[in-house]
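The values are calculated or read from the model by the stated rules, or taken from the named source; none is laboratory data. Please read these numbers as outputs of a predicted model, since none were measured by experiment. Glycine gets a Cβ as well: all are built from the backbone with ideal geometry, and neighbour counts include every protein chain shown.
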Amino acid sequence: MAEAILAGRVDEIVERARRFNDLSDYRFSQRLSIRAADLGFYGIISLIGSTVRFEIEGQEHWNAASQGGHIPIYTFWHDCIFLSTYYWRRRGIVVMTSQSFDGEYIARFIQRFGYGAARGSSTRGSVGAVIEMIRLMRHQQPVAFTIDGPKGPRHVAKMGAVILAKKTGNPILPFTVTPARYWSFTKSWDAFIVPKPFSRARLEMAQPIFVRSDADEAEMEARRCELQDALDGLESRGKVWRAGLSQRA
């Protein structure tokens, strides 16, 4: 009986992450805006993403992060959402989203790509979302973080993925996606990047980062700094790759 109850709770948590949120608390105009943004982003990402030619570096790091029954905690910068969403689609990955207007339409378009959305409760916010992700990972559901989101500072790693790695024993897998040709929305806090159609893109993964279950605050901060350094290194290598393509053009 207890096992059946537990299985039912797990199914409920997974189903909640996959389904669209109820919009009844939003005004009519907001509901229209959320649905328009949801469908708009889904259509644009699908259309442009299908034309992009990906080059993958660091596949061995994904393999290492997936051994021994582990599941990667995918971790990347917020400005990479466009191509990250397209490349990792249909893999059942759950992504943390904020309890906000922007978070709602983001949750919806990623769900259309086969992701789940961990929102947590309205009272506990991101803490509740982390708890939800811990439960999901303990039942073999992969998760992902935009580690400098939802509002920055840009390219500064926060602690969420480190906490999740400590609580679940799963490794953090840092990655970046660098398009060769792109538009950047410099007025947004993250300078959001949209690849130009038919661009090449480099997706590179770094070595997985493990966090001990008994890690103290100092060790957790050290792992956060390790994550920061890994993402900074990936970002730098992506820029060198892009510059090399420009020189050969």
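Among the residues of the range 28-61, those identified as hydrophobic (A, V, I, L, M, F, W, C) and buried (at least 16 other Cβ atoms within 10 Å of the Cβ) are Ile34, Ala37, Phe41, Ile45, Ile48, Val52. Out of Gly103, Gly125, Gly114, one residue alone is surrounded by fewer than 22 Cβ atoms within 10 Å (Cβ to Cβ), small (Gly, Ala, Ser) and at pLDDT 90 or above. It is Gly114. Within the range 185-202, does at least one residue satisfy the condition of being among the acidic types (Asp, Glu) and over 22 Å from Phe54 (Cα atoms)? Yes - at least one qualifying residue is present in the range 185-202. From the list Ala165, Ala161, Ala191, Ala180, the one residue that fits, being touching a strand residue (DSSP E or B) at 6+ places or on another chain (Cβ under 6 Å), touching a residue at least 60 places away in the same chain (Cβ under 8 Å) and on the phi > 0 side of the Ramachandran plot, is Ala191. Remark: pairs (first residue in the range 88-99, within 19 Å of Val127 (Cα to Cα); second residue basic (Lys, Arg); Cβ separation under 9 Å; 6+ apart in sequence or on different chains) = Val94/Arg18; Met96/Arg119; Thr97/Arg119; Ser98/Arg119; Ser98/Lys151; Gln99/Arg119. The set of residues in the range 82-105 that are part of a helix (DSSP H, G or I) and touching a helix residue (DSSP H, G or I) at 6+ places or on another chain (Cβ under 8 Å) comprises Phe82, Leu83, Thr85, Tyr86, Tyr87, Phe101, Glu104, Tyr105. Restricting Ala161, Ala157, Ala144 to those that are surrounded by 17 or more Cβ atoms within 10 Å (Cβ to Cβ), part of a loop (DSSP other than H, G, I, E, B) and among the aliphatic types (A, V, I, L, M) reduces the list to Ala157. Scanning the range 211-234 for residues that are touching a residue at least 24 places away in the same chain (Cβ under 8 Å) and either buried (at least 16 other Cβ atoms within 10 Å of the Cβ) or at positive phi (or both) yields Val211, Ala215, Met220, Arg223, Arg224, Leu227, Gln228, Ala230, Leu231, Leu234. The condition of being surrounded by fewer than 22 Cβ atoms within 10 Å (Cβ to Cβ) and either within 18 Å of the chain's Cα centre (by Cα) or of a type outside the set (Ser, Thr, Tyr) (or both) holds for only one of Pro150, Pro208, Pro195, Pro179, that being Pro150.
Examine the range 198-205 for a residue that is closer than 16 Å to Ile81 by Cβ and outside any loop (DSSP other than H, G, I, E, B), and state whether such a residue exists. Yes: one or more hits.
Residue pairs whose Cβ atoms lie under 8 Å apart, separated by 6 or more positions or on different chains, with the first residue in the range 68-79 and buried (at least 24 other Cβ atoms within 10 Å of the Cβ) and the second among the charged types (D, E, K, R), are Trp77/Asp148; Trp77/Arg154; Trp77/Asp190; Trp77/Glu235; Asp79/Arg154; Asp79/Asp190. Only one entry in Ile56, Ile45 is of a type in the set (A, V, I, L, M, F, W, C) and part of a helix (DSSP H, G or I), namely Ile45.
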